[in-house]
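So the structure is just underneath, and the comments pick up after that.
The values are calculated or read from the model by the stated rules, or taken from the named source; none is laboratory data. Note that the coordinates shown come from a computational prediction; the quantities given were computed from them, not determined experimentally. Here the Cβ positions follow ideal geometry from the backbone for every residue, glycine too, while neighbour counts run over all protein chains shown. Keep in mind that these areas ignore ligands, DNA and RNA; they rest on the heavy atoms of the full protein, side chains included. Shrake-Rupley method; radii C 1.70, N 1.55, O 1.52, S 1.80 Å.
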Amino acid sequence: MDELLAKLTAAQQQAVTHIDGPLLVLAGPGSGKTRVITHRVAHLIHQGIRPYNILAITFTNKAADEMRQRIAAFNLPRGSTICTFHSLAARLLREFHEKADLPADFSIYDDADQRSAVRDATKKIELDPQNFPPAQMLNQISACKNDLESPEQFAARRTDFRGQKIALIYSAYQKQLKQNGALDFDDLLMKLALLLRDSELRDLLNQRFRYVLVDEYQDTNHCQYQIARGLALNHRNLCATGDPDQSIYGWRGADIGNILAFEQDYPDAKIVRLEENFRSTPQVLDLADQLIRANKKRKIKKLFTSLPPGSPCELAEFEDEYDEARGMTDWLQSLKEQNLEYRQMAVFYRVNSMSRPLEEALRRATIPYQIVRGVEFFQRKEIKDMIAYLRLLINLSDQVALKRVINRPTRGIGQTTIGRIFDHANSSGKDLWQILNNIDQVPTLANAARTRVKKFVAIIADLQKNLNQPVRQIVQTTYKKTGMESLLKADKNEDPHDNVCELVNSAAQYDNDSEAPSLAEYLQQIALVSDSDAYDAESGSVSLMTLHAAKGLEFPAVLIIGVEHGLIPHARSLDSEDSLEEERRLLFVGITRAQQKLRLSFARRRTNQGASLTTIRSEFLRTLQGLDFQQSLSPYEDFNDADEFQDEFQPIRRNNYQSHHRPHQWNNSPKKSKKRRPTSIDDSQTSTSTRSDINLQPNQLVRHPKFGLGRVKSISSDREHCFVVIQFNTGARKTLDLQYAKLDILD
C-alpha cells in the first residue's frame, strides 16, 4: 500500500485514497490524470473491493488499453471493467438485448452505413435526398439522440415544414435500422440511457458496478451524463476526472456544463485539483495559461511545473501554405540535427484538408511521416467489403451489408435483380433473408438470376458454419471462399490485397488479446475505432493530425500550423461566444501536447477553392507574450511597412532559425486591409496583363531571382494585385505578387 502511494503528489494521493462518495478531480494537462485513475482502481482493490465491482469509463480505445496495461502491472486480481462509453453500451445492450428490444447480434453502422440507411429511408417516404442531404439529416438526428429526443418529440418541437419532414426521415431511419437489426453510434448511448430508466435493471447494474470512474468528464454529452449518473444513482460512488479547459467536442454534443455543474449535482463532493504539470516546460505552460485565462466558462487553476526552463516558444509567419510547409520541413530537420527523433515530432492542423501541402513537402524532403487518422483504414473499399461480409455472417437482417456484397465480386446479380428482391421483401413483409432462401417464390426473377442468388446464399451458409473458430480464421476463410482473394490478387495494384492481409493481422491481434474472442465483439471493436487509436509511437515518423485527434497524446516537439482567423478559430465559431471559447480550448489542447519545443505558424495567404486569399492572423495570438517571432522573407514583401510593426510580443527574442528567415514584430493595431474577392483566371485563357506590365500565360517558363526556374500554373487578380502560382523545379510551389516578384519570362 505504501509503495502504491509513495510516488504520488499530495493532491494525487487525495484523489487516489478517497473511497466512498462523489469525487471531482480537476486535472490539468500533463498532471498525471491516468496515473491517478489507475492507482485509484488499484487502491480500491487493496481496500478489499472486488475488481468485478469497479468500472472505469473513458473515451478512446487507446486510453482504455493504456489503463488496462497499467492496472495489470500492479499484479492485482483481474476483473475490473475498463472500457469506452460506446463499448460499455454495446456490451450491456447485447447482455440485456431482450429488454432493449434488440437482436443479440445487432450490427453497428459506421458513418458510410448510416448515410446509406438514411438515404434509403428518405426515398421510402418519397422525399428527395438532394433536398434532404443524408449528412445533414444524420447531424440533426444525432443531436436529437444525444438529447434523448425521439422522432415524435422532435416533431412536436419543430412544427415548421422542414422540421416536420426531418421528423419523418428520423422516424423512417429508425425503422430502417430496426429492420436491419442495426444501431448507429448514437443509438448505443441513447438506448443504454433509456434502459437505465428501468429501476430493476438500474439497481442490478448499481450492485454490479459499485465504484464508477469517468475519465474526460468534460467531454460527456447528455446521454453519457445520464449513463454515468444512472450507474451510480444508488451508491453515489462516482469519480469524475477532467478539465473544463480541455472540453473540445461541443460540435458533437459534449456539454461542458456537466463538469461545471458537478458540485451542484453532488453538493457533498470532494474536489481535488491536479495543477502540477509533469509534461511541459515553464515556457509552454505560461503560453497555455495566457491563452486560456481569456475564457469565462472554466474552473480557475494555475498550472505549474518543477521541470527546468526550456527554449522559448516560437511564432513563424510565412508567405503561403507552401512556404509554411517548407518552413515546417526546415524546422523538423533542425530538430533532427539537435538529436530529436522524427517519432518525437508532431504537426497539428485544424482540418484534415490542410495536410496535403505538408505531405508534399515531407516527401520532397524525404522525411518519414504518418497521418493519424484511424478510421481511414476501415473506410477503404476492400476493407468495407470484407467487414460487410463478416457483419452479414452474424446478422442476416443487415440490408446495408447484404446490398454491398451480394454482387461483390461480380456474380451477375445486377441492380435490377437486387431491386426486385428488395421490392418483394417490402411488399410481402417478410425478412429479406427469408426471401433469398426461398428465391424461387419471387415471380419477377428469371431462372438464371435465381440460380446466381442460390449460389450466394450457399456461400454465406457455408461460412456461418465456421463462426466458432478464431476470428483470424473466420476472416481468412471469408476472404478465400467469397472470391474476394482471387479478385484482389488479380488486381495489378497490390495495396487492396495487402490491406486485407492487415485486417487479418488485426483479427489475429484481437484473438491474442481477448479472453473470449468472438466475431461480434471484434466487429464492435473496429466499428468504434477513433482517430487517436491509429497513432503509432514507434513508427519512427513525424505524426500529422488534427488538433482534435491530438487529445491525449504528447510529443517533445509540436508545430501547430494555420493559426489564422477562420481556421483557429474556425469560421463556424465566430458567431457564438461559446463556440469561440471552445476554439480557444482547442488551441490550448494543442499547445499543451508539447513537452519541450513548440512552434505556432500562420501564412499571409492561403488557397481556398483555387484562389489565393489574404489571411488575418488569429485573434488568439494577440494576448500571447514572450514568443520568438520569425518571418519568412516573402519575394513580394513590402519592407516600407516595417515602421507599422511595434512590440506586441514582449519580450521578442531575435533568433533566426534559418538564414532566409528574420525576426519581426507586430503592432496591436495593424493596418486594416479591405476584403477582396480574387478573380480566378482559368488555364484556358491565353494571357494576362499585370500591374508590372508583364504578360504571362499558363505553362510559361519563368525564372525567379531566389527560387530559380519554374512554370506558371495559374493566375488570379483583384483590384490592386495580380497573383501567379508557380511550380518551381526545386519542388516548391509559390503564390507570388507580380508587382514584387521580379520574374523573367523565358519562353
Margin query: I need the full set of residues from region 197-208 which are open to solvent by less than 10 Å² (accessible area, probe 1.4 Å) and within 19 Å of residue 239 (Cα to Cα), in order please.
Written below: 205, 206
Check: Would it be correct to say that residue 521 is charged (D, E, K, R), free of Cβ contacts under 8 Å to residues at least 12 places away in the same chain and not in a loop (DSSP other than H, G, I, E, B)?
Finding: yes
Next item on the list: Output the strands (runs of 3 or more DSSP E) that fall wholly within region 534-627 and possess 2 or more residues being in contact with a helix residue (DSSP H, G or I) (Cβ under 7 Å, 6 or more places away or on another chain), or say none.
Entry: 542-546, 555-560, 594-603, 605-608
Margin query: If I go through region 722-738 residue by residue, how many of them are modelled with pLDDT of 80 or more, over 15 Å from residue 325 (Cβ atoms) and either of a type in the set (S, T, N, Q) or open to solvent by 20 Å² or more (accessible area, probe 1.4 Å) (or both)?
Written below: 0
Next item on the list: State which residue pairs qualify: first residue touching a residue at least 60 places away in the same chain (Cβ under 8 Å) and inside region 1-14, second residue small (Gly, Ala, Ser) and assigned to a helix (DSSP H, G or I) in any location, beta carbons under 8 Å apart, and separation of 6 or more residues or different chains.
Entry: 4/42
Check: Do we find that residue 97 is open to solvent by less than 60 Å² (accessible area, probe 1.4 Å), touching a Leu at 6+ places or on another chain (Cβ under 6 Å) and farther than 25 Å from residue 423 by Cα in this structure?
Finding: no
Checklist line | Residues that are open to solvent by 60 Å² or more (accessible area, probe 1.4 Å) and within 25 Å of residue 11 (Cα to Cα), drawn from region 297-348 | finding: 297, 300, 302, 304, 306, 307, 308, 309
Item checked: Residue satisfying condition, being within 24 Å of residue 88 (Cβ to Cβ), touching a residue at least 12 places away in the same chain (Cβ under 8 Å) and buried (at least 20 other Cβ atoms within 10 Å of the Cβ), within set 121, 143, 167, 193 -> 193
Checklist line | In region 100-118, the residues that are open to solvent by less than 10 Å² (accessible area, probe 1.4 Å) and of a type in the set (A, V, I, L, M, F, W, C) | finding: 106, 117, 118
Checklist line | Residue list for region 124-137, filter: part of a helix (DSSP H, G or I) and without any contact (Cβ under 8 Å) to a residue 40 or more places away in the chain | finding: 134, 135, 136, 137
Check: Restricting attention to region 552-562, does a residue exist that is in contact with an Asp or Glu (Cβ under 8 Å, 6 or more places away or on another chain) and modelled with pLDDT of 90 or more?
Finding: yes
Check: Do you know which of the residues in region 274-296 that are in contact (Cβ under 8 Å) with a residue 40 or more places away in the chain and over 21 Å from residue 553 (Cα atoms) is surrounded by the fewest Cβ atoms within 10 Å (Cβ to Cβ)?
Finding: 296
Notebook entry, point to check: Take the residues of region 219-255 that are part of a loop (DSSP other than H, G, I, E, B), open to solvent by less than 10 Å² (accessible area, probe 1.4 Å) and of a type in the set (A, V, I, L, M): which is nearest to residue 188 (Cα to Cα)?
Noted result: 232
Check: Going by the conditions given, is residue 340 in contact with a helix residue (DSSP H, G or I) (Cβ under 8 Å, 6 or more places away or on another chain) and either touching a residue at least 40 places away in the same chain (Cβ under 8 Å) or under 19 Å from residue 115 (Cα atoms) (or both)?
Finding: no
Check: Out of all the residues in region 291-301, is one or more touching a strand residue (DSSP E or B) at 6+ places or on another chain (Cβ under 6 Å) and assigned to a loop (DSSP other than H, G, I, E, B)?
Finding: yes
Checklist line | Which numbered condition residue 578 misses (of (1) over 19 Å from the mean Cα position of the chain (by Cα); (2) at pLDDT below 90) | finding: (2)
Next item on the list: Working only within region 482-495, note down all residues that are open to solvent by less than 20 Å² (accessible area, probe 1.4 Å) and part of a helix (DSSP H, G or I).
Entry: 484, 488
Next item on the list: Considering (1) open to solvent by 10 Å² or more (accessible area, probe 1.4 Å); (2) over 18 Å from the mean Cα position of the chain (by Cα); (3) not polar (S, T, N, Q), say which one residue 528 fails and leave the rest.
Entry: (2)
Check: Hey, any hits in region 356-363 for a residue that's surrounded by 20 or more Cβ atoms within 10 Å (Cβ to Cβ), assigned to a strand (DSSP E or B) and of a type outside the set (Asp, Glu)?
Finding: no
Margin query: Can you report the number of residues in region 533-550 which are at pLDDT 90 or above and either at positive phi or open to solvent by 20 Å² or more (accessible area, probe 1.4 Å) (or both)?
Written below: 1
Item checked: residue 32 being at pLDDT below 95 and more than 21 Å from the chain's Cα centre (by Cα) -> yes
